[in-house]
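These notes are about the structure you will find just below.
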Amino acid sequence: MTGIITPLISVFGIMLAGSLVQKSKILPDGTDAALNQYVYYIAFPAIMMIVLARTSFEEIFQWHFIFGFSLAMMLTYLLVLLISGCFRAGQGVGAIRALNATFGNTAFIGIPMMMIVYPGNQLALAAAAIASLLSVVMFAIALVSLELARDTENKAHPLLIIVEALAKNPIVIGSALGVAVSASGMALPDGIEMMISQIGATSSPCALFAIGMVLAKATRVRGATRVPGPWQLAELFGINACKLLLQPLLAYLLLKAMGISGTNLQMGVILAALPTAASVYLLAQRYDTKAGVSAQGILLGTLITFISLPLIAAWAV
């Protein structure tokens with residue numbers, strides 16, 4: 001357990017610094033948006049590309065890991081969607097709740113976490129990259145539900161929505177380029193590899209600082225600072241129980257059933273146990289669906305993770 005506490009302090013310390021800077025308004029307005037865009041559109045695609053390019057094609061496509069991790073996400077998503085439907089929630093509300101319970105911060109927190117907890121382990125970064133790609137797929141599925149729930153006449157075909165969401169995602173593009181290099185068996189020229197690697201190296205501190213700024217800004221959204229009532233408290237804790245306890249438990253059982261063990265099993269469980277990504281709040285805000293609940297849930301989940309993650313990591317050994 002002690003092996004993960006020090007990296008956790010580092011991770012959450014950088015996030016706290018970002019939150020304090022955002023609240024103190026030391027940096028100009030819009031800095032948080034610019035930093036997020038840099039990380040999302042430049043740094044993350046660079047780290048994904050270089051990590052996957054350096055990893056053998058066989059090690060990237062660990063089908064047992066992919067199947068176990070993705071099935072844990074899907075089962076959690078469907079369960080929350082089903083429970084939400086039992087309370088007669090709309091399609092869009094159910095999708096946001098389910099996404100809050102499954103879309104972990106495998107990119108902004110997961111990749112830095114893997115770099116710190118497993119220094120020099122290329123497979124750890126590859127696992128975070130795979131988890132991030134699977135999370136993007138879940139995001140695209142939720143996006144379909146939100147689009148179909150909109151009261152508009154010109155609705156695109158669900159499959160087209162998914163394809164478009166994946167094709168425009170910079171993490172998917174960076175990963176595809178990395179897989180292509182790996183599959184070709186060719187190495188990148190030294191100068192180009194060093195350039196991409198150095199850009200990718202900035203993703204860890206910048207991502208953590210950026211997520212701190214986003215979380216601080218999220219508290220100002222309508223409904224985020226209001227003291228939640230009993231029903232909303234139950235909703236917040238229920239969603240986080242599914243994300244921080246149920247999903248890692250399912251990941252542990254399914255990955256173990258797939259023959260995954262040791263460090264690889266622990267990596268998968270840690271990635272499944274990460275708090276909800278801030279992207280869910282941004283999506284909820286865009287569709288005006290449970291934005292306040294999403295903001296509160298992400299803040300609560302991030303705080304709980306500081307306690308739950310060391311316990312889960314120790315248990316998953």
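The values are calculated or read from the model by the stated rules, or taken from the named source; none is laboratory data. In this text, all values refer to a predicted model and were calculated from it rather than measured experimentally. So basically every Cβ, Gly included, is an ideal-geometry build from the backbone, and we count neighbours across all protein chains shown.
List of remarks:
- Some residue of the range 117-124 being assigned to a helix (DSSP H, G or I) and either closer than 28 Å to A156 by Cβ or touching a Gly at 6+ places or on another chain (Cβ under 9 Å) (or both): yes
- Contact map, the range 41-70: first residue over 19 Å from L271 (Cβ atoms) and of a type in the set (S, T, Y), second residue surrounded by fewer than 20 Cβ atoms within 10 Å (Cβ to Cβ) and at pLDDT below 90, Cβ cut-off under 8 Å, separation 6 or more or different chains; pairs are Y41/P170.
- Of all residues making up the range 24-68, the number that are under 20 Å from D190 (Cα atoms) and either of a type in the set (G, A, S) or assigned to a loop (DSSP other than H, G, I, E, B) (or both): 5
- Of all residues in the range 160-194, those being in contact (Cβ under 8 Å) with a residue 60 or more places away in the chain and either in a helix (DSSP H, G or I) or of a type in the set (D, E, K, R) (or both) number 12.
- Qualifying residue in the range 89-97 (condition: over 20 Å from G268 (Cα atoms), without any contact (Cβ under 8 Å) to a residue 24 or more places away in the chain and among the polar types (S, T, N, Q)): no
- Residue match in the range 81-101 (condition: part of a helix (DSSP H, G or I), over 20 Å from L253 (Cβ atoms) and basic (K, R)): yes
- Helices (runs of 4 or more DSSP H) (entirely within the range 245-290) containing at least 1 residues that are in contact (Cβ under 8 Å) with a residue 12 or more places away in the chain, of a type outside the set (F, W, Y) and closer than 14 Å to G68 by Cα: 247-257, 262-272
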